[in-house]
Each structure stands twice: as structure tokens, then as C-alpha cells.
Amino acid sequence: MIRLPVKKLKKGMIIAQSIFNNHGGSFLVRGSAITGKYIRQLKKLGIPTVTVTSSDPRFHLMPPDDVVQEQTRIDAIRHVYDAFESVRLSGRLDSDVMQDVADHILIDLIDRPENLVQLTDIRLHDTYTFAHSVNVAILSAMLGLHCHYTKKDLQILTLGALLHDLGKVDVPAEILTKDQSLTTEEFDIIKQHPEDGARRIHAMDYRLPATSILAAIAREHHEHIDGSGYPRGVKSPRSSPSPTSTTRSRASAPTSAPTRRTSPTTS
């Protein structure tokens, strides 16, 4: 697979990654052949790059299967969007739905371990945060599985990854969607979102499990091991263990997926 600028796309190339809006709907479905109409629409939407299966339109290669089902990803993006909107408007979210989303991701990863991860971090301006949050959750869950986290810790880790950018609800939309480089003042505002996310999560202590860990994930996701990150510039020794060292066990890798509750998207 190869990522190409939209201006270099050619008719007949095969889309390798679906492009979603904030409701989980697809602007363009993976496996679709690119047409002139699609190219014009991508330019109109301001999408800079697209991943295709081959740079040669004569080779109609189909994309490999994803580590999660397409519907799981679509549902997850939609529910992350709904959760962020709920927090922005009311300061609350439906924790049961978000835990269901985390469980569905884990179920797919455990059921489909041989497949390749397909990242859909296409920057659709205001929709980018939600697809990105789902990507981070999938990669975090994969890492947790590799490290033999317990089932409980996997659920907390995946939920924390889904909510890691929650503080962006407090960032003005004109900054989040700005096409040009941010000013120093605007970037200072952006750098507040990890602390804002942690504050928001702590405020929902009565609704969320392991709130201190979820808040630490939100607060520290832009910290760097050498201390050059933000918001606190902490170095590795001060970073929080992930997720709960008291319950984690390398000897207890999950052999079964979390129990799948009724899909939160069937209504």
C-alpha cells in the first residue's frame, strides 16, 4: 500500500483505506476504484492524501483485511463523536456505550490476530480527532495484547485510548480545523488539551472505571521519554505505569475475548 497526494491519484487506482466522516459514514469505501468524480470530491473536501493499494492503476489489488471489522470501526468512530459532543454540551458521556466500543475492538483483535492494521487517520478537519482516537485505541489494544495484559487492563487501556483526546472539546474549532500553521498563542491553547481531558475525566469519576488511570492517559499522551513533551515535560521515570501494575500479569494473557454485549449501534 502507498499513500499518495490527491493530485497524483489516477483513475482506476484502488482505495486501501476507507475515509470516514464523524458519524462513521464512509466518504469513500476501501476497495473502491478511483474515478474522476472521486478525485474532484476529495479535493473539494480538502483531503491531502489517500492510501491506495498500488501506484499503478493497471494493478487492481484489493486491500488486505483489517484487524477490526469495518462495522466495528464505523460504530466506534460514531460513538466517539457522540461521546465528545455529549461532554462538550453537558459534561457527561455514556460510559456503558464507550466500554462496549472498547470491548468490540478487543473482540475483533482477539478473533482476527492474523490481519493487518489499517489506519484511517485521514485528516477530515473536524472529523480527524474521532478516527484518530479509534486508531489509537486499536494500536494500544494490540500493544496490550502483545504485553499479555489482563482482560481488565486491556479494557481500561482501550477505553483510555478512546478518550485520550477528550480535552479537545475545550479547544476552539477554528484552531482545530485551521489549515495553516498555528501561531504560538494557538499552539499554547492546543497544549492545554491533555490537562483539560484529565480534568474532564476526573469530573466523571462516578461514571467511569479506573478514573485515575484514564486521566493519566489523557494527561500524558503528549509527554516524551526525554521530557520534551507537554503539558508537564515529564521524563520517563515520572510517567504513569500502564495501565495498572497491581493487576497486570504477564502470565495471564487473555485467552478469550470480553463478553460481547448487545451492539450499541443496533438502535
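Could you grab the pairs with beta carbons closer than 6 Å, sequence gap of 6+ or different chains, first residue in the range 75-98 and farther than 16 Å from VAL134 by Cα, second one aliphatic (A, V, I, L, M) and assigned to a helix (DSSP H, G or I)?
Filtered contacts from the range 75-98: VAL87/VAL169; ARG88/VAL169; LEU93/ALA83; LEU93/VAL87.
Would you mind stating whether GLY197 is at pLDDT 95 or above and either part of a helix (DSSP H, G or I) or of a type outside the set (Lys, Arg) (or both)?
Yes; evaluated as a whole, the condition is true for this residue.
Hey, among GLY233, GLY229, which residue is at positive phi and without any contact (Cβ under 8 Å) to a residue 24 or more places away in the chain?
That would be GLY233, the only listed residue that is at positive phi and without any contact (Cβ under 8 Å) to a residue 24 or more places away in the chain.
Go through the range 166-191 and report how many residues are part of a loop (DSSP other than H, G, I, E, B), free of Cβ contacts under 8 Å to residues at least 60 places away in the same chain, under 20 Å from PHE130 (Cβ atoms) and not hydrophobic (A, V, I, L, M, F, W, C).
Summing the residues that are part of a loop (DSSP other than H, G, I, E, B), free of Cβ contacts under 8 Å to residues at least 60 places away in the same chain, under 20 Å from PHE130 (Cβ atoms) and not hydrophobic (A, V, I, L, M, F, W, C) in the range 166-191 gives 3.
Which one is surrounded by the most Cβ atoms within 10 Å (Cβ to Cβ) among residues in the range 183-226 that are more than 18 Å from the chain's Cα centre (by Cα) and among the basic types (Lys, Arg)?
Filtering first and then ranking leaves ARG200.
Go through (1) exposed (fewer than 15 other Cβ atoms within 10 Å of the Cβ); (2) of a type outside the set (Asp, Glu); (3) touching a strand residue (DSSP E or B) at 6+ places or on another chain (Cβ under 9 Å) one by one and return the number of the condition LYS44 breaks.
Every condition holds for LYS44 apart from (3).
Taking SER54 as the residue in question, decide whether it is in contact with a strand residue (DSSP E or B) (Cβ under 6 Å, 6 or more places away or on another chain) and of a type in the set (Gly, Ala, Ser).
Spelling it out, it is not the case that SER54 is in contact with a strand residue (DSSP E or B) (Cβ under 6 Å, 6 or more places away or on another chain) and of a type in the set (Gly, Ala, Ser).
Go through ILE105, ILE77, ILE47 for me and flag whichever is of a type in the set (A, V, I, L, M, F, W, C), in the same structural domain as THR35 (by TED's automatic domain parsing) and either modelled with pLDDT under 90 or more than 21 Å from VAL6 (Cβ to Cβ) (or both).
Result: ILE47 is the single residue among ILE105, ILE77, ILE47 that is of a type in the set (A, V, I, L, M, F, W, C), in the same structural domain as THR35 (by TED's automatic domain parsing) and either modelled with pLDDT under 90 or more than 21 Å from VAL6 (Cβ to Cβ) (or both).
Which one is surrounded by the most Cβ atoms within 10 Å (Cβ to Cβ) among residues in the range 53-102 that are in contact with a Lys or Arg (Cβ under 8 Å, 6 or more places away or on another chain) and under 21 Å from ASP205 (Cβ atoms)?
Filtering the range 53-102 for residues that are in contact with a Lys or Arg (Cβ under 8 Å, 6 or more places away or on another chain) and under 21 Å from ASP205 (Cβ atoms), the one surrounded by the most Cβ atoms within 10 Å (Cβ to Cβ) comes out as LEU93.
The values are calculated or read from the model by the stated rules, or taken from the named source; none is laboratory data. Computed from a predicted model, the values in this text were never measured in an experiment. All Cβ positions, even for glycine, are placed from backbone atoms using ideal geometry, and neighbour counts span all protein chains on display.
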